[in-house]
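This report refers to the structure that appears directly beneath it.
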Amino acid sequence: MEDYIKHVIQIAEALGIEKEPVGVKYTDEAPGVEIEAGSYTVCGAILAASEGKVLLLSEESCACSGGKTHLGLTQKREIPWKMLVEGEKLWCDVKTAIRSSIEVDKIARQPYGLSKRIFLYPAMKGIFQPDLIIMLVHAEQASRLITLNQFWDGKTPAIEMRGSLCWSMITYPLVSGNFNLSVGDISARRMERWDPNIMAASIPWERIRGIAEAVEFSTAGRAEPSEKFEMMTEKIRSKR
């Protein structure tokens, strides 16, 4: 547990990430700490956890029916297509909305049955060994994380920004095991007043250590570029 916290701190400090990284854990075990009362949307719970709160999402406490479904807290129910098309105006018609939903399901289906409870909490508290770490980042920090993630094996997974915020930030990286970046859907961002300059990097537990260990070796972390590279860069700049 201490190693994971050390790795998260190493990444956050190297990149200058200001918001508390958020741990996501699917478990029916008790956390052993006080849980914030009330119901939350998934998009609101991520923000609240980044501000220090420990939250429980369940079928009863999750305030968003779509979030319950995408995270696997309940079996898939009939989707309110008319509301999505005529209310939120996310697609031009129902046919297109259904097409989009089918494509998302092909990539990562809801993890129904994994657990009845999902905890979101400040990762540094070390309450659980997390399934995912979510870091709220700006564009340059996101760019650096992409490089650190592929530093050891050269593999950059498909970045999925489609679908709902809860699907792209939790379901997809959890089910696929892939690092992911997401800007979230516009309805979720506006509902919970997300900072317009912030996006989320979702890092599966299995990839935390490798990213942290790359920090000291890559210029995306703390490493300095070679003298030759610096000279080349300066030469290019001088021609402007």
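The values are calculated or read from the model by the stated rules, or taken from the named source; none is laboratory data. None of the values given here were measured: they were computed from a predicted structure. Here the Cβ positions follow ideal geometry from the backbone for every residue, glycine too, while neighbour counts run over all protein chains shown. Just so you know, the surface numbers come from the protein's heavy atoms only, side chains and all, with ligands and any DNA or RNA stripped out. Shrake-Rupley method; radii C 1.70, N 1.55, O 1.52, S 1.80 Å.
Overview of results
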{"item": "Cα convex hull volume per residue for segment 193-240 (Å³)", "result": "118"}
{"item": "Paired Rg and Dmax values of segment 1-108, which use every Cα atom, in angstrom", "result": "17.5, 50"}
{"item": "Selected from ALA14, ILE236, VAL85, residue furthest toward positive end of dipole (the chain; charges at beta carbon)", "result": "VAL85"}
{"item": "Mean ellipticity per residue at 222 nm, deg cm²/dmol - from DSSP H runs of n ≥ 4 across the chain, formula -39500 (n - 2.57)", "result": "-10500 deg cm²/dmol"}
{"item": "R0 of 22 Å, Cβ-Cβ distance ILE98-GLN75: FRET efficiency to nearest 0.05", "result": "0.75"}
{"item": "Residue-normalised accessible area of the chain, given per residue in Å² at a 1.4 Å probe", "result": "54"}
{"item": "Once the Cα gyration tensor of the chain is diagonalised, semi-axes √(5λ) in Å", "result": "33, 23, 15"}
{"item": "Top positive-direction residue, dipole computed over segment 1-92 with Cβ charges, set LEU55, GLY67, ALA30", "result": "GLY67"}
{"item": "Relative contact order for the chain, counting Cα pairs under 8 Å that sit 6 or more residues apart, in percent", "result": "26"}
{"item": "Ratio Rg/Rh [Cα only; Rh per Kirkwood] for segment 113-193", "result": "0.97"}
{"item": "About the Cα centre, charge dipole magnitude for the chain (Lys/Arg +1, Asp/Glu -1 at Cβ), debye", "result": "780"}
{"item": "For the chain, built as a Gaussian network whose Cα springs stay under 10 Å, the top-fluctuating residue of PHE217, PHE229, PHE179", "result": "PHE229"}
{"item": "Principal-axis tilt of helix 139-150 within the chain, Cα atoms, nearest 10 degrees", "result": "80"}
{"item": "J(HN,Hα) series, segment 188-196, from Karplus relation 6.51 cos²θ - 1.76 cosθ + 1.60, nearest Hz, glycine and proline x", "result": "5, 4, 6, 4, 9, 6, 5, 4, x"}
{"item": "Separation in nanometres of the label points that stand 7 Å from Cα toward Cβ, at VAL33 and LYS106", "result": "4.1"}
{"item": "Segment 38-172, relative contact order in percent, only Cα pairs under 8 angstrom and at least six apart counted", "result": "31"}
{"item": "Mean separation of Cα contacts under 8 Å (6+ apart) over length of segment 1-77, as relative contact order %", "result": "25"}
{"item": "0 to 90° range, to nearest 10: angle between helix 205-214 axis and the chain longest Cα axis", "result": "20"}
{"item": "Per-residue ³J(HN,Hα) for segment 117-125, Karplus 6.51 cos²θ - 1.76 cosθ + 1.60, θ = phi - 60°, Hz, x for Gly and Pro", "result": "9, 10, 9, 10, 7, x, 4, 5, 6"}
{"item": "Efficiency of FRET between GLU13 and ALA139 - r from beta-carbon atoms, R0 25 angstrom, step 0.05", "result": "0.85"}
{"item": "Share of carbon and sulfur in the accessible heavy-atom surface of segment 46-137 [1.4 Å probe, %]", "result": "51"}
{"item": "Förster radius 30 Å - calculated FRET efficiency between ASN197 and LYS228, Cβ distance, rounded to 0.05", "result": "0.30"}
